[in-house]
Amino acid sequence: MNQPIERHEFQAEVKQLLDLMVHSLYSDKDIFLRELVSNASDALDKLRFEQLTRTELGAADLHVRIEADRTARTLSIADNGIGMTREEVIKNIGTIARSGTREFLTAIDKATQKDVPPELIGQFGVGFYSAFMVADKIVLTTRRAGQATATRWESAGDGAYTISDAERDHAGTTVTLHLKPGDTEHGVRDYTADHVVREIVKRYSDFVTYPIKMQRWRDGEKPSDPKVLEDETLNSMKAIWDRPKAEVSEDEYREFYRHISHDWTDPLRTIPIKMEGTLEAYALLYIPSKAPFDLYSAEMKRGVQLYVKRVFVMDECKELMPTHLRFVKGVVDAHDLSLNVSREILQKDRQIQVIRKQLVKKVLATLDEMKRDKPEDYLQFWAAFGPVLKEGLLSYDTQDNDKLLELVVTASTHDTAKLASLDDYVGRMKEGQDAIYFLAGASKEAIARSPLLEAFADKGYEVLLFADPIDELWLERAPSFKTKPLKSIGRGEIELGSEDDRKKAAEDLQDKQKEYSDLLTYFRVHLQNEIKEVRLSSRLTSSPVCLVSDEHDITPRMQKMLEQLGQKPPKMKPILELNPRHQLIPKLQAIFAENKADPRLGLYAELLLGQAHLADSGQLPDPTAFSRSLADVMLHAV
């Protein structure tokens, strides 16, 4: 039973996006053909994979066909792939890029509105819409493999589309563009011209696995013979990962990257891999230069494409790449796997684990080489993917921890304008220093101003500054690098200098502790609901007060992170440290010695705690109480 023609409205963001496309914001309009050919290639891949378990879908001569009609000014891109049902058309076309459209529009707003970079199309998955740059109307006819009915989708880019029943001889999809008039002055070429189509396909889609066909007229053998219409294959169909590196140009590598990633920026590194021996496999991996908008989204498309003897198996093989390398794009062709491979088999397959290990090893080695030989490229990589890479330090599989630690770079008190590696730090360690000192916080600027750094700066000890949220997590595991433990300067007791220096500092602090013992006890009792202990500090040289955590307690920032994750960690109270060398402490001691019940002492204790919180995080747990205490102190001083 035929269904009536239905008219649907696009979602609000899609209407805005269509309007932008119609007004041709993109300078390189040729990319629409590459996007549509890539979509057709994906449909053929899906059919080829589904045929492995559904032999009744068997289809020979899988290909993409391009047809141009100069008189009618139409261009059609057709495939005999998987096709779509009516419901899939509404879902995939009517709301395509539903997760990225809003972000895409935000990126457009930040651009010049005159020459929007083409990488935005691929980055946000709106390739189908790019056809509206050159077309006044688009008609899509599709039939799902295994079904008898076809569906027609049509839109003029005016904010609405229609859905109706259609006729199609076989499964697959045809996208017909009703082209705008050619306008070379404004960059709109004649896309009905054969040589234009050949040029675009050769430039962007030469490596597509399936033949891209177009009919052409061939002259007869004799002048009197009529011309013959024949198929011409426009692409070479060479599996680029199977070819020797010396035979592949950088341009070919870059175009293949764009084909599989839909990212129009050049990758930072191309990594061809050939595995031989106990198993045979080929891989072509890429390290992107920019982070995708959904890098931290659970819905991010991640994992490399998996082929078996050049037969497509799956688009996102997550088993081949760990989560902390989810930014890596590429293809793996495993010659020894079974074609009917499934997710369950992949998780247990020994060969997959061997391939994964080799891929990870090669990626980490490439990053290490980049860090050593091209530091400017590595800093670009680190700015985009550093926090993701550090997620690997949370893994219970610790075999790559040392390699990951070698890749970590961060700010340092040695030179706040440059990032330092752990190797750099170890090479600059003072004689007798037995730990790598670090401090973690909300931002590099805030950490650099922390009073906890004072004693380290005074004695010439370098401190690494970590400011990514992930740092709080992996540093909690107390890792070590080259036998040197990483030690937070905001936890436990800190002893600096030689053995004699430490002994003398401990004796001086013990003497001061006896002198101020009763005052410290008063402060501890007065603040007992908020702090664990009050003690004298060996870390401070100029600031009067600071907050630290006990040796085995989690930090306040870690507590907040765990709470945000829905966990309920035990409440950990910080330790308040006072600087015995600050002139404020003897004055407080004098007030205490004169009158232990002086009401100012409680107010001073509260103000010192508030000052410590501000120095630690820039925030007060109770701003109202702090303001009230400050007003009371001012009142007593008047």
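If I ask for residues that are under 35 Å from the mean Cα position of the chain (by Cα) and open to solvent by less than 70 Å² (accessible area, probe 1.4 Å), which ones from the range 601-630 would you list? Within the range 601-630, His613, Ala615, Ser617, Gly618, Leu620 qualify.
Set side by side, the residues Glu472, Glu462, Glu454 differ, and just one is in contact (Cβ under 8 Å) with a residue 12 or more places away in the chain and outside any helix (DSSP H, G or I), which is Glu462. Scanning the range 426-441 for residues that are assigned to a strand (DSSP E or B) and small (Gly, Ala, Ser) yields a count of 1.
Could you please let me know if Ser517 is over 17 Å from Met558 (Cα atoms) and either in contact (Cβ under 8 Å) with a residue 24 or more places away in the chain or crowded, with 17+ Cβ neighbours inside 10 Å (or both)? No; evaluated as a whole, the condition is false for this residue. Exactly one residue out of Thr366, Thr416, Thr410, Thr398 is modelled with pLDDT of 95 or more, polar (S, T, N, Q) and closer than 26 Å to Ala478 by Cβ: that is Thr410. Scanning the range 217-232 for residues that are surrounded by 15 or more Cβ atoms within 10 Å (Cβ to Cβ), modelled with pLDDT under 90 and within 14 Å of Ala68 (Cα to Cα) turns up nothing. Tell me, which residue of the range 405-425 that is part of a strand (DSSP E or B) and of a type in the set (Ser, Thr, Tyr) is nearest to Ser498 (Cα to Cα)? Ranking the qualifying residues of the range 405-425, first place goes to Ser412. The residue pairs whose first member lies in the range 558-586 and is closer than 20 Å to Leu519 by Cβ, whose second member is part of a helix (DSSP H, G or I), and whose beta carbons are closer than 7 Å, counting only pairs six or more residues apart or on different chains, are Pro574/Pro556; Leu576/Leu609; Leu576/Ala612; Leu578/Ile585; Asn579/Ile585; Pro580/Lys512. Just a yes or no: is a residue in the range 191-214 open to solvent by 50 Å² or more (accessible area, probe 1.4 Å), at pLDDT below 90, of a type outside the set (Lys, Arg) and farther than 23 Å from Asp42 by Cα? So far as the range 191-214 goes, no, none of its residues is open to solvent by 50 Å² or more (accessible area, probe 1.4 Å), at pLDDT below 90, of a type outside the set (Lys, Arg) and farther than 23 Å from Asp42 by Cα. Taken over the range 586-615, the residue count meeting the criterion of being of a type outside the set (S, T, N, Q) and under 13 Å from Cys546 (Cβ atoms) is 7.
Residues in the range 144-163 that are surrounded by fewer than 16 Cβ atoms within 10 Å (Cβ to Cβ) and either assigned to a loop (DSSP other than H, G, I, E, B) or at pLDDT 90 or above (or both): Gly146, Gln147, Ala148, Thr149, Asp158, Gly159, Thr162. The set of residues in the range 164-179 that are outside any strand (DSSP E or B) and either open to solvent by 40 Å² or more (accessible area, probe 1.4 Å) or under 21 Å from Asp69 (Cα atoms) (or both) comprises Glu167, Arg168, Asp169, His170.
Being under 30 Å from Arg350 (Cα atoms), open to solvent by less than 20 Å² (accessible area, probe 1.4 Å) and out of contact with any Leu (no Cβ under 6 Å at 6 or more places or on another chain): is that true of Pro244 here?
Values: under 30 Å from Arg350 (Cα atoms): yes; open to solvent by less than 20 Å² (accessible area, probe 1.4 Å): no; out of contact with any Leu (no Cβ under 6 Å at 6 or more places or on another chain): yes.
Criteria not met by Pro244.
If you go through the range 38-71 and keep only what is touching a helix residue (DSSP H, G or I) at 6+ places or on another chain (Cβ under 7 Å) and either open to solvent by less than 10 Å² (accessible area, probe 1.4 Å) or not in a helix (DSSP H, G or I) (or both), you end up with Ser38, Leu47, Gln51, Ala59, Leu62, Val64, Ile66, Ala68.
Looking at Leu419, Leu407, Leu439 in this structure, which one is free of Cβ contacts under 8 Å to residues at least 60 places away in the same chain, open to solvent by 50 Å² or more (accessible area, probe 1.4 Å) and under 27 Å from the mean Cα position of the chain (by Cα)? Lay out the reasoning, then the answer.
Numbers: Leu407 fails: open to solvent by 50 Å² or more (accessible area, probe 1.4 Å); Leu439 fails: open to solvent by 50 Å² or more (accessible area, probe 1.4 Å).
Leu419 is the lone residue from the list that is free of Cβ contacts under 8 Å to residues at least 60 places away in the same chain, open to solvent by 50 Å² or more (accessible area, probe 1.4 Å) and under 27 Å from the mean Cα position of the chain (by Cα).
Residues that are among the acidic types (Asp, Glu) and either closer than 21 Å to Leu607 by Cα or more than 42 Å from the chain's Cα centre (by Cα) (or both): does the range 465-481 have at least one? Steps first, please.
Of the residues in the range 465-481, the ones among the acidic types (Asp, Glu) are 468, 471-472, 476.
This time we only want the ones that are either closer than 21 Å to Leu607 by Cα or more than 42 Å from the chain's Cα centre (by Cα) (or both), so: none.
Scanning the range 465-481 turns up no residue that is among the acidic types (Asp, Glu) and either closer than 21 Å to Leu607 by Cα or more than 42 Å from the chain's Cα centre (by Cα) (or both).
For the range 490-507, the criterion of being free of Cβ contacts under 8 Å to residues at least 12 places away in the same chain, out of contact with any Ser or Thr (no Cβ under 9 Å at 6 or more places or on another chain), assigned to a helix (DSSP H, G or I) and closer than 30 Å to Lys596 by Cβ is satisfied by at least one residue.
Select from the range 546-561 the residues that are farther than 19 Å from Ala455 by Cα and assigned to a loop (DSSP other than H, G, I, E, B) and write down the one among them that is most open to solvent (accessible area, probe 1.4 Å). Give the derivation first.
Applying the first criterion (farther than 19 Å from Ala455 by Cα) to the range 546-561 yields 552-561.
Narrowing the set further to residues that are assigned to a loop (DSSP other than H, G, I, E, B) leaves 552-555.
Values: His552: 166, Asp553: 19, Ile554: 36, Thr555: 24 Å².
Ranking the qualifying residues of the range 546-561, first place goes to His552.
When the range 349-404 is filtered for residues that are among the charged types (D, E, K, R), closer than 30 Å to Glu280 by Cβ, in a helix (DSSP H, G or I) and open to solvent by 60 Å² or more (accessible area, probe 1.4 Å), the ones remaining, listed by number, are Arg350, Arg356, Lys357, Lys361, Lys362, Glu369, Asp402, Lys403.
Can you name the residue in the range 289-327 that is modelled with pLDDT of 85 or more and touching a Pro at 6+ places or on another chain (Cβ under 8 Å) and is also surrounded by the fewest Cβ atoms within 10 Å (Cβ to Cβ) among such residues? Once the filter is applied, the top-ranked residue is Ser289.
Scan the range 125-132 and tell me whether some residue there is aliphatic (A, V, I, L, M), part of a loop (DSSP other than H, G, I, E, B) and open to solvent by less than 10 Å² (accessible area, probe 1.4 Å). Yes, because at least one residue in the range 125-132 is aliphatic (A, V, I, L, M), part of a loop (DSSP other than H, G, I, E, B) and open to solvent by less than 10 Å² (accessible area, probe 1.4 Å). Taking the range 468-486, which residues are buried (at least 18 other Cβ atoms within 10 Å of the Cβ) and modelled with pLDDT of 90 or more? Ile470, Asp471, Trp474, Leu475, Phe481, Leu486 - these are the residues of the range 468-486 that are buried (at least 18 other Cβ atoms within 10 Å of the Cβ) and modelled with pLDDT of 90 or more.
Out of Asp251, Asp231, Asp190, I need the residue that is outside any helix (DSSP H, G or I) and out of contact with any Ser or Thr (no Cβ under 9 Å at 6 or more places or on another chain). Which one? Walk me through how you get there before you give the answer.
On the way: Asp251 fails: outside any helix (DSSP H, G or I); Asp190 fails: out of contact with any Ser or Thr (no Cβ under 9 Å at 6 or more places or on another chain).
Selected residue: Asp231, the only one of Asp251, Asp231, Asp190 that is outside any helix (DSSP H, G or I) and out of contact with any Ser or Thr (no Cβ under 9 Å at 6 or more places or on another chain).
Could you tell me whether any residue of the range 91-106 is open to solvent by 40 Å² or more (accessible area, probe 1.4 Å), modelled with pLDDT under 75, assigned to a helix (DSSP H, G or I) and of a type outside the set (S, T, N, Q)? Yes, the range 91-106 has at least one match.
Just the residues that are closer than 16 Å to Met84 by Cβ and within 37 Å of the chain's Cα centre (by Cα), please, taken from the range 153-172. Of everything in the range 153-172, those that are closer than 16 Å to Met84 by Cβ and within 37 Å of the chain's Cα centre (by Cα) turn out to be Trp153, Glu154, Ser155, Tyr161, Thr162, Ile163, Ala171, Gly172.
The values are calculated or read from the model by the stated rules, or taken from the named source; none is laboratory data. The model shown is predicted, which means the values in this text are computed figures rather than measured ones. Note that each Cβ is placed from the backbone with ideal geometry, even for glycine, and that neighbours are counted across all protein chains shown. Only protein heavy atoms, including side chains, enter the accessible area calculation; ligands, DNA and RNA are left aside. Shrake-Rupley method; radii C 1.70, N 1.55, O 1.52, S 1.80 Å.
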